Amino acid sequence: MTTPNLPTSMATPAYVLDVAALKRNLETVARLKRESGAKVLLATKAWAMPDAFPLMRDTFDGSTASGEYEARMGFEDFGKEVHVYAPAYAPGEVERLIAHAHHIYFNSPEQIAQFGPIARAAGAKIGVRINPGYSNATLGGALYDPCAPCSRFGTTRADIDKLPWDEIDIFHAHTLCESLADGSVGLIEHVAREFAPYIRKVKAVNFGGGHFINKPGYDLDRLIAAIRAFREQFNVEVFLEPGGGIVVNTGYLVATVIGLHWNEKNLAILDTSASCHMPDVLEVPYTPDIIGAGKPGEHAHDYVLGGKTCMTGDVIGEYSFPEPLQVGSRIVFTDMMQYSFVKNTTFNGTPRPDLAILDEDGTYRVVRSFGYEDYRQQLGS
Ligand SMILES: Cc1ncc(COP(=O)(O)O)c(C=O)c1O
């Protein structure tokens, strides 16, 4: 990966959106929509940077939310169709949601019975999430597989006839995670084969997220052909709602070495943290790439990189560098837009990284910095 043109004077840590890379990914979405006829929503749970929404608004049909705050942000900042799904809604949530979301998806016959009438009276479209029993999550095993045993997501086959199909507009099946075209096409064909009588009762089908459409190796033509065939067979509208697949490889987390240490190995301590700023590194787990660094032994100088929190396991990984690291050395982690700053914590009072945008002309803009007051206000009065 080429080194981004970042200012030497920039403050770290900082998440930096690379607009040129985002625009390349948006071209994939535009082609997908144009050639398949599907509608595409941005899943803001994976990435939400309202300052960049104006770049995306024309490409997407809307956004999809996991609850009322994301729905409100989608309504106010994205400004197009807002869809929302949660495995259960809290008392009062649907009453508040209807101000912002006009496609509300329910998880079970009980949730529809309880809250469907409120959504319907407000003129919202009613969706139902089905667990189609199709597993293809390529990341994290059962951790990210919505169809894992005992999953709480979606009405299972056993209960499907308890749903009030006359009142349901949208059949929803989200089962993928970082899946290539095999997974996307497999899901579409599985739903067509196994659920045809139910598809004939609805006006639209939402095949969820997890379609890793901008990952090198994703065969977009296969997805387009599968959607076209599905639409022709059932004459329904098709939605996709990817998150990670929109922003994969569109930005960085830029950090600085603030301390060096030795305990059996060379250790470098950064002004960032896996625990606070890259939670998926520990959760998945995985080792993110660093521009100019290699695997241990690949270059002359090996280091274990760790965060500045008190958690022993706050370790990002082991890398090698062509030159020895020094206090002040800059470290640029790649692919740091998806599921990163949307999951930040301030454990240990660790400052949150800046949110910044690197424009195509090289302009670097910090759109938000976080200070002591941001940390303090979340802890009480
Ligand atoms: C219902 C639903 N839709 C869409 C997404 C977005 O998935 P991804 O970011 O993997 O594309 C998720 C992720 O968990 C989800 O649960």
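For a 29 Å ceiling on Cα separation, which of these pairs sit above it: K45/K308; K33/K162; K45/K295; K39/K295? Violating the 29 Å Cα-Cα cut-off are K33/K162; K45/K295; K39/K295.
Per-residue Karplus couplings for the range 172-180, computed as 6.51 cos²θ - 1.76 cosθ + 1.60 with θ equal to phi - 60°, are listed in order as 10, 9, 9, 9, 9, 7, 6, 8, 7 Hz, Gly and Pro entered as x.
Seen from H277, the other residues with C-beta closer than 14 Å to its C-beta sum to a net charge of -3, counting Lys and Arg as +1 and Asp and Glu as -1. Taking Cα centre as origin and charging only the Cβ of basic (Lys, Arg, +1) and acidic (Asp, Glu, -1) residues, the dipole magnitude of the range 37-247 rounds to 280 debye.
Taking the C-alpha atoms only, the angle from helix 109-121 to the longest principal axis of the chain is near 80 degrees. Length gained on full extension, R376 to E27, computed as 0.36 nm times the residue gap minus the Cα-Cα distance: 121.5 nm. For W165 and K80, a Förster radius of 25 Å and the Cβ-Cβ distance give a FRET efficiency of 0.35, rounded to the nearest 0.05. For the chain, the solvent-accessible area of protein heavy atoms averages 44 Å² per residue (probe radius 1.4 Å; ligands and nucleic acids excluded). Take the Kirkwood radius over Cα pairs of the chain, plug it into Stokes-Einstein at 4 °C and 1.567 mPa s, and you get 59 µm²/s for translational diffusion. Share of the range 37-247's accessible area from carbon and sulfur, percent, 1.4 Å? Roughly 49 percent, rounded to a whole number. Per-residue 3J(HN,Hα) values for the range 186-203, derived from phi via the Karplus relation 6.51 cos²θ - 1.76 cosθ + 1.60 with θ = phi - 60°, read x, 5, 4, 5, 5, 5, 4, 6, 8, 10, 3, x, 7, 4, 5, 8, 10, 9 Hz in sequence order (x marks Gly and Pro). Based on C-alpha pairs under 8 angstrom that are at least 6 apart in sequence, the chain has a relative contact order of 19 percent.
A 1.4 Å probe over all protein chains sorts S135, S36, S151 by accessible area into S135, S151, S36, starting with the largest. Each Lys and Arg adds +1 at its Cβ and each Asp and Glu adds -1 at its Cβ; summed about the Cα centre, the chain shows a dipole of about 660 debye. Under a 5 Å amide H cut-off, with hydrogens placed 1.01 Å from N, G251 pairs with D18, D335, M336, M337 among residues at least 5 apart or on other chains.
Which of the aspartates and glutamates could a cross-linker span from K265 if the Cα-Cα distance has to be under 15 Å and same-chain partners fewer than 8 positions apart are dropped? Leaving aside aspartates and glutamates fewer than 8 places away in the same chain, those within reach of K265 are D302, E318. For the range 69-84, the Karplus equation 6.51 cos²θ - 1.76 cosθ + 1.60, evaluated at θ = phi - 60°, returns couplings of 5, 5, 5, 5, 4, x, 5, 7, 9, 8, x, 10, 4, 10, 10, 8 Hz by residue, with Gly and Pro reported as x. Taking every protein chain into account, the 1.4 Å probe leaves E110 with about 120 Å² of accessible area, to the nearest ten. Cα centroid separation, the range 292-326 to the range 69-141: 42 Å.
The alpha-carbon of K201 sits under 14 angstrom from the alpha-carbons of these aspartates and glutamates, leaving out residues fewer than 8 places away in its chain: D161, D166, E167, D169, E237.
The values are calculated or read from the model by the stated rules, or taken from the named source; none is laboratory data. What you are looking at is a predicted structure, and each value in this text was computed from that prediction instead of being measured. So basically every Cβ, Gly included, is an ideal-geometry build from the backbone, and we count neighbours across all protein chains shown. Surface accessibility is based on the protein's heavy atoms, side chains included, excluding ligands, DNA and RNA. Shrake-Rupley method; radii C 1.70, N 1.55, O 1.52, S 1.80 Å.
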